[in-house]
Structures are given as C-alpha cells and as structure tokens.
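What follows is a single structure, written as structure tokens, with notes after it.
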Amino acid sequence: MNGCIPESPVMKKYLELIKINVKTQLIWRTDAFFSMISVCAKMLFAYLLWGIIFEGKETVAGFSYSMMISYYVLNSFFSSMDMSGSISYEMDDKIRNGSFSKYMIIPVLPQAYFLCQTIGKALFYVVFTFTASFIWIFIFKFDFIITANALHVVSAFTLLLLGYLFMQQFHYYLGLLTFKFKNIFLFLMIKDNIFSLISGAVIPLVLLPHEVISVFKFLPFYYISYLPTMILLGRNSEEVPQAFITMLLWILVLAVVNPATYKYYRTKFEGAGI
Amino acid sequence: MKSSILKNIRIFFMLLKLRFARLTEFRLSFFGPFFVDSSLFVIQVLIFKTIYAHVESIGGWGQGQMLIFIGTFSLINALNMILYFFGVITIPDKVKSGSLDLYLTKPVSPLFRISFENIDPGSLPLLVTSFAIIGYGITTAGIIPSPAHILLYVYFVIIMTVLWYDMEVILRSLSFFIISVDNITKIEVACLELSFTVPGIALRGFFKLLFYFILPYGIMATIPVQALSGQPSLNGVFLFSGVVLVFTLITALIWKTGLHHYNSASS
C-alpha cells in the first residue's frame, strides 16, 4: 500500500472494504450534518444545565466549570466516534428479512465486514464530529483542560481503541441474538437508554455513589469513553493498568464467544424472505 | 358544530376498536413502547437524583420539582404515544407513496383520521409510571397543591399535549413540500432530548427565546410544573395559552397549504 508495509491479499480485501464504506458515506452527506447537530445538542445540554448548576459554586464533585465542560467536549467526541451501534440494528433488520444471507456467501467474515464498515464510517465522520465537539471551546470561551502528560495521552487513546473494538464485538454479539429471538429492536432501544447512563455520556460517573462505581469497574463500559476522558482531564490515571487488563479480558471473551455463537446459529438460519 | 364534534367522537371510538383488533395480531410488541420509554424516564430520575446528591437546587428548583418535571414530561409523552404519535409519524410515508389519496376521499378530516387511527393502548402503563414519578416528586418537594393549582396543572398538561401534537404535525407536514423529512425529525429528537434534560428554568437569553417561542419544546413540561408550584402569573397563563393557540393555527395553515400542494404520487 505505502511501499513500507507488505500487503497481504487478506489485508488488501479488508482495506478495500474500508475504502468502499468511506465512499458510501459520501452518498449520505446530510446525515453527517445532522449527526453534528446531535453532538451540538449534547454540548448545549452541558452548557445550559451545568451553567445553572455552577451559579455561585466553584466546584461540584471536584469538577470546576471549565473541567466539566471540557469533560463533555471530549466525551461527546469520543462517544460519537463509536459507530458500532448501528451494527446490531442492521443485523436485526437483515436477519429478519433474510438479506443477512449475503454476508454468509461473500468471502469475508461477517464480523470483519462489520468492523470494516464501522472503521469506514468513523473515518468519514471524524472531521465533522471533531468540528461539532471542539467548536464550543471558541463559542463558550472557557479554559479547555487537557493533560500535558504524554504517557497519559497515549494510554487514553490506546484505551479508546480497545473500547471501540470491544463495542464492535459487543454490538455484533447483540445482533447475533436476532437469530434466536427474531426481533431485538425494542431490547436495543432499552440498551441504548441504559448505556447512555453507565458509559458516562450523560453525566460523569464520578458523581455516582462510590459503591456503584466499584461495580461499574468490572464492566467494560466504564472504560469505553469515560475513563479515557478522565485520564485526558488529568484524573484517574492510577486506574490505567486495571483498565487494560479488564478491557483485554472482555475482548478475549467476546473473541471466543462471537465465532462460536455465529457458528451455532448460522445453521439454523432459514433466510426467510429472500 | 355540535354534530361535527359528535361525529368525530364516534369516529374516534371506531378507530380505537379497529386498532385493538389489529394490535391483537402483534401481541409481543404490545407493551414495547412502554418498556422503552419507562427505561428512559427511570434513568432520567436516577441522573437528576445523582446530580442533586451534590447540589441543593438547580435554578431555584429542588429535587422534588425536578422529579415533577420529569414525571410531567413523561405524562405528556405518554399521552402523545397513546393518542397520536403512531398515526402522525406515518404522514411523510403517506404523502410520498400517494396513499394519502385514500384519506382524502373519505368523509372524515384526513388529519383527524391519520392522527387517531394508530392509538397505542400498550403505552397506557406509562401513565401509571408518570403519576408515580409526579407523586414521588410532590412528596419530596413537600408541596400541598391547592385545587386551583391542580386545575391549572391539568389545563397546562392538556394544552402542552396539543402543542406537542402541533409540533409533530408541522414537521411532518413539510413532506408536502420537500422530498424527505427524515433529517428534520432528527432535529425534533435533538430538541426533545434537550428540553427533557434541561428544564426551561435553566434557559437564558437567546436560548429562552428559541425554546419558549420558536421551537417551544422548553415550555412543555416546565410551565405545568410552575403551575403546580403556584409560580405562573395570570399573564403567564395567557402568554403560554397564546403560544399554543398560535402554533395550532400554524399547524392548520401548513396542513391546509400542504394538501393544496399535494400531487398524489400514485395517480
């Protein structure tokens, strides 16, 4: 590809898939604009609500106002870059109407196909989401807080990548459950509601009672966007080793469970509706 | 006028009967909207309880008033889901596919029939959840509302349900003029999410103007809560009733203009 890294046929195949998915997004350009609006709404929520909460207060739960808004800038950017949520919805739809069979006959593993799709989307959206998140620094005119420690920055971004990989595996697994339950749409919507709370997308998890946080630390969702955001704000860096171990363990579990689940259910798929 | 109202009431009950007959075919998803929306509102309660563990008030509202706010939003949303949501959301498809023709040829107001033909009784338990949250909020706030305040609260809940309906119809009636309203409804979702998480009391300056009078999602649950707490003045009652009236007139105008603009895709 670039003359330095030898390109295997398998790698070339998946790179092509990523390229195709980036190009596909060009057809839906206005979606990018409206996804920016969604990010802006999140930022506006933080600005309005926390603006009034901080009236007459210096800190809340150890957060200054600038730190709180910085939290939402970083977290809304990181959460929006996780494009894997659509995988389970797409699988739910395609398994039910029978068109999932196309993923069974093309010479690509279904999970790898969806991974390429997620990467392709993320690459297309990164500029829009970045702009929508960070433009508020200039609009709100607050002191944007971010750590200067290079090791913490590297740790946070590595954790983010592991988090995105896990979310892709997780949503693929949920999608596979359609083979068993036929329609998981409502379950996915409830999952989205719960996920917004436990991932720290709505409020920083540090506001929750200590006992609840202790339980969350065993789950992978704590490490997806919340912990990387906190590390970049210069907090919670002592949790990095535990974060890596937990995330790698969860990724390993799903790396085993997903192919086994697919192998089990694919033989039961009738492809009704083709 | 009286016979027209009686006719519409009879049609409403006939549509309800037909809807029940159809819903029995899909029993599994009967309570689906209830579970989805309940999870959303319970999580919202948890979020504000978490915030109130660190602060005493938000914009002068204590935890009790915030709970009443969430319960009221849930109540208006429940009425929306039960009565007209699943009907109104079909407008763009009916315009695009031309199936609106079938409604125009019937001796019933097309908008009335579309709005109420998909009543969703599966969302009825949402009313129970909403009243439970409101009751919990009233207890937490230690408010003993007077009968006048309760009446005013009920009045505002009813007219805000009408306002919610107006906003839904206005946005979807744009399908008469543009090819797709999918992305416009995304703005509606963003506005609703924002107004649901940020009460009107937190709005200042431009944002207050925007969410009170231009995209009036900010008043939908805030004003009823203020009514229950005895906060709005007589001027406020007239002002917000006026806002609802103006948006209802705009809805009627856009719908009527849209029908004139409708070309019928199928013929």
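The values are calculated or read from the model by the stated rules, or taken from the named source; none is laboratory data. Source: prediction; values computed, not measured. Every residue, glycine among them, receives a Cβ derived from its backbone with ideal geometry; neighbour counts consider all protein chains shown. Please note that ligands, DNA and RNA were not included when accessible areas were found on the heavy atoms of the full protein model with its side chains. Shrake-Rupley method; radii C 1.70, N 1.55, O 1.52, S 1.80 Å.
With all protein chains in place and a 1.4 Å probe, the accessible surface of the range B:140-267 carries 73 percent carbon and sulfur.
Rounded, prolate or oblate: which one fits chain B, using the alpha carbon gyration tensor with axes a ≥ b ≥ c (rounded when a/c is under 1.5, else prolate when a/b beats b/c, else oblate)? If you can, show how the numbers build up before the last one.
Working: a/c = 1.82, a/b = 1.59, b/c = 1.14.
It comes out prolate by the Cα gyration axes.
Relative to the longest principal axis of the Cα atoms of chain B, the long axis of helix B:234-261 makes an angle of roughly 20 degrees. What is the distance in Å between the Cα centres of the range A:85-122 and the range B:217-267? Using only Cα atoms to place each centre, the spacing works out to 42 Å. Note on chain B: helix-only mean residue ellipticity at 222 nm, from DSSP H runs of 4+ residues weighted -39500 (n - 2.57) and normalised by residue number, equals -23000 deg cm²/dmol. Panel note: contact residues of the range A:159-189 (accessible area lowered by at least 20 Å² against the chain on its own; 1.4 Å probe) correspond to A:L186, A:M189.
Output the relative contact order of chain B, whole-number percent, from Cα pairs under 8 angstrom with separation of 6+ residues. Write down the numbers at each step before the final one.
Values: 294 pairs, mean separation 69.9, N = 267.
After rounding, I find 26 percent.
Dividing the convex hull volume of the alpha-carbon atoms in the protein assembly as shown by its residue count gives 185 Å³ per residue. Both radii are taken from the alpha-carbon atoms of chain A; with Rh as the Kirkwood radius, Rg/Rh is 0.99.
When every Cα-Cα distance of the range A:163-229 is counted in 5 angstrom steps from zero, the calculated P(r) takes the values 3, 15, 23, 24, 16, 11, 5, 2 percent. Report, in degrees rounded to the nearest 10, the 0 to 90 angle that the Cα long axis of helix A:65-80 makes with the longest principal axis of chain A. The helix A:65-80 is inclined about 10 degrees to chain A.
About its Cα centre, chain A has a charge dipole of approximately 880 debye under the convention of +1 per Lys or Arg Cβ and -1 per Asp or Glu Cβ, with nothing else charged.
For the range B:65-201, the mean projected area of the C-alpha convex hull, equal to one quarter of the hull surface, is 9.7 nm². Computed from Cα atoms, the angle from the helix B:63-83 axis to the main principal axis of chain B rounds to 10 degrees. Phi-derived couplings, Karplus 6.51 cos²θ - 1.76 cosθ + 1.60 at θ = phi - 60°, listed residue by residue for the range B:38-51: 4, 4, 4, 6, 5, 5, 4, 4, 4, 4, 6, 5, 5, 5 Hz, with x used for Gly and Pro. Note on chain A: with a GNM built from Cα contacts shorter than 10 Å, the maximum mean-square fluctuation among A:H171, A:H152, A:H210 falls on A:H210.
The magnitude of the dipole of the protein assembly as shown, with charges of +1 and -1 set on the Cβ of Lys/Arg and Asp/Glu and taken from the Cα centre, is near 1340 debye. Shape class of the range A:126-203 from the Cα gyration tensor (axes a ≥ b ≥ c, square roots of the eigenvalues): prolate, since a/c reaches 1.5 or more and a/b is larger than b/c.
Taking every DSSP helix (H) stretch of at least 4 residues in chain A, weighting each as -39,500 (n - 2.57) and dividing the sum by the residue count yields a mean residue ellipticity at 222 nm of -24000 deg cm²/dmol. In the assembled protein chains, A:T24 presents an accessible area of approximately 50 Å² (probe radius 1.4 Å).
Our note on the geometry: Cα centres of the range B:89-145 and the range B:165-195, 16 Å apart. The shape of the range A:1-93 comes out prolate: with a ≥ b ≥ c from the C-alpha gyration tensor, a/c is at least 1.5 and a/b beats b/c.
Considering only A:G175, A:G51, A:G200, the Gaussian network model of chain A with Cα springs below 10 Å gives its largest mean-square fluctuation to A:G51. For chain B, a crude dipole built from +1 on the beta carbon of Lys and Arg and -1 on the beta carbon of Asp and Glu, taken about the Cα centre, is about 620 debye to the nearest 20.
Can you flag which of A:K102/A:K191; A:K180/B:K106; A:K23/A:K102; A:K42/A:K268; A:K57/B:K208 are past 32 Å Cα-Cα?
Details: A:K102/A:K191 27 Å; A:K180/B:K106 43 Å; A:K23/A:K102 20 Å; A:K42/A:K268 42 Å; A:K57/B:K208 23 Å.
As for pairs spanning more than 32 Å Cα to Cα, those are A:K180/B:K106; A:K42/A:K268.
Here the simple spin-label model places points 7 Å from the Cα toward Cβ, and for B:T248 and A:K268 these points are separated by 5.3 nm. Considering only B:G137, B:G122, B:G242, the mean-square fluctuation computed in a Gaussian network model of chain B, springs between alpha carbons under 10 angstrom, is largest for B:G242.
Within the range B:157-191, the residues that become at least 20 Å² less accessible when every protein chain is included than when their own chain is isolated (1.4 Å probe; DNA, RNA and ligands ignored) are B:N183, B:K186, B:I187, B:A190.
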